[in-house]
Amino acid sequence: MKPPVFNELASAFDFCEVVATDLPPVGSIKRTGTEKHPRSKNGYIKSFPDGGALIGNWENDLKAVFSTTTGKKLTRQERELIRQRAREAEQVSRIEELHRHERTAQKVRSFFDSDLGAFPTLSMEGHGVDRHPYLQRKAVEPTGMIFECTRENFEAFFGKNYQRLPHGRLLVFPLFHDGELVSMQLIDELGTKYFLKDGLLKGSYWQATRAEKDGEGAPIIAISEGVATLLSVMEHSRRGGLFVASMNAQNIMGVAESLKHKFPDREIFVYADRDQAHDGQRYGIGVLKAQKAQSTIQGLQILIPPFKQPEIEKFRAITGSDKAPTDWNDYYRIWETK
């Protein structure tokens, strides 16, 4: 289905449920927050050479087009000129993005290699520091691939004005692409998530353990969206293998394709989030993106957490909120709470 076209930029933002922001330079993408998570970067806007833009929301998969030429008939020459400018701008943007990704990856590697960068959270607990509030709320055990830092640590490496982060303890999750450390995600004490500015995300993942998990039978590849979900899945899985988090639904395809290429004979299980459905769909974006990956990757299986009304009410009682459960971390918390 083609995205709707609006001649007012504000209407396009409203439709996609993202926080309004200024138009970025032509050919580039600017990330912004969503109405549901204003401090996230799950909304985006991409400018076109004709003055228009594509607005989107990675949380609900909604897209809209802002056009300054709505209702105006363009000549064939005008259309071709716009296409040519768009192709040129896209090529320049891709090259600049590659350079930004590489510079950022080098910074990230220095950050993890330094004695003043990120510290293993297991080591901190071993020295008497309480478990990070996010891990406590999610009721998951940390692994050796979870680190912590402060805003001061972060700013010492990336610069004071590089990215706005809160004070307090920040969990740090290193992200890998083709076996190389390329970026990281940070989670604050309230559970707000931050992807590193200019870090490569597409096809990148967090690996729950340094070595593959031991288990019964042939090793598998297990993919979830979030880190807490992955930790819960790994804890309850009898199978061994590689357990990774794609970090969002949009990235499931890229991660699954990359790991399928590396491990062609392994079964792949996607532990999908059961998000709220839109536009008459049976499932939300988490399952829809998993199904899209399943349609192109042989042997990929999708596991969706089953929630009936009694489980939903129990989850709300456990968390003290009116939110419904959505993922496998929620599922295990429901069944493990007496």
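Brief remarks on what is shown
- Top-ranked residue in the stretch 22-53 [being among the hydrophobic types (A, V, I, L, M, F, W, C) and crowded, with 18+ Cβ neighbours inside 10 Å; ranked as farthest from residue 89 (Cα to Cα)]: 45
- Matching residues in the stretch 200-222 - criterion: being hydrophobic (A, V, I, L, M, F, W, C) and over 27 Å from residue 29 (Cα atoms): 208, 211, 218, 220, 221, 222
- Looking only at the stretch 261-284, and only at residues there that are farther than 28 Å from residue 218 by Cβ and open to solvent by less than 40 Å² (accessible area, probe 1.4 Å), the one that is modelled with the lowest pLDDT: 277
- Subset of the stretch 3-17 [among the aliphatic types (A, V, I, L, M) and touching a residue at least 40 places away in the same chain (Cβ under 8 Å)]: 5, 9, 12
- The helices (runs of 4 or more DSSP H) located wholly in the stretch 285-338 that include 2 or more residues which are buried (at least 19 other Cβ atoms within 10 Å of the Cβ) and touching a residue at least 24 places away in the same chain (Cβ under 8 Å) occupy 285-294, 328-336.
- When residues in the stretch 18-28 are screened for being without any contact (Cβ under 8 Å) to a residue 24 or more places away in the chain and either touching an Asp or Glu at 6+ places or on another chain (Cβ under 8 Å) or under 15 Å from residue 52 (Cβ atoms) (or both), 3 of them pass.
- Residues located in the stretch 113-134, provided they are in a helix (DSSP H, G or I), touching a residue at least 24 places away in the same chain (Cβ under 8 Å) and open to solvent by 40 Å² or more (accessible area, probe 1.4 Å): 122, 124
- Selection within the stretch 212-250 - touching a helix residue (DSSP H, G or I) at 6+ places or on another chain (Cβ under 7 Å), open to solvent by less than 20 Å² (accessible area, probe 1.4 Å) and part of a loop (DSSP other than H, G, I, E, B): 246
- If the condition is being at positive phi and touching a Phe, Trp or Tyr at 6+ places or on another chain (Cβ under 9 Å), then the stretch 14-50 contributes only 27.
- Selected residue (criterion: modelled with the highest pLDDT) from residues of the stretch 64-106 that are hydroxyl-bearing (Ser, Thr, Tyr) and within 26 Å of the chain's Cα centre (by Cα): 104
- Qualifying positions in the stretch 1-11 - at pLDDT below 90 and buried (at least 16 other Cβ atoms within 10 Å of the Cβ): 6
The values are calculated or read from the model by the stated rules, or taken from the named source; none is laboratory data. Fair warning: this is a prediction, and the values are worked out from it, not measured in the lab. Cβ sites come from the backbone with ideal geometry, for glycine too, and all protein chains shown count toward neighbours. Each accessible area value is taken on the protein alone, full model and side chains, heavy atoms only, with ligands, DNA and RNA left out. Shrake-Rupley method; radii C 1.70, N 1.55, O 1.52, S 1.80 Å.
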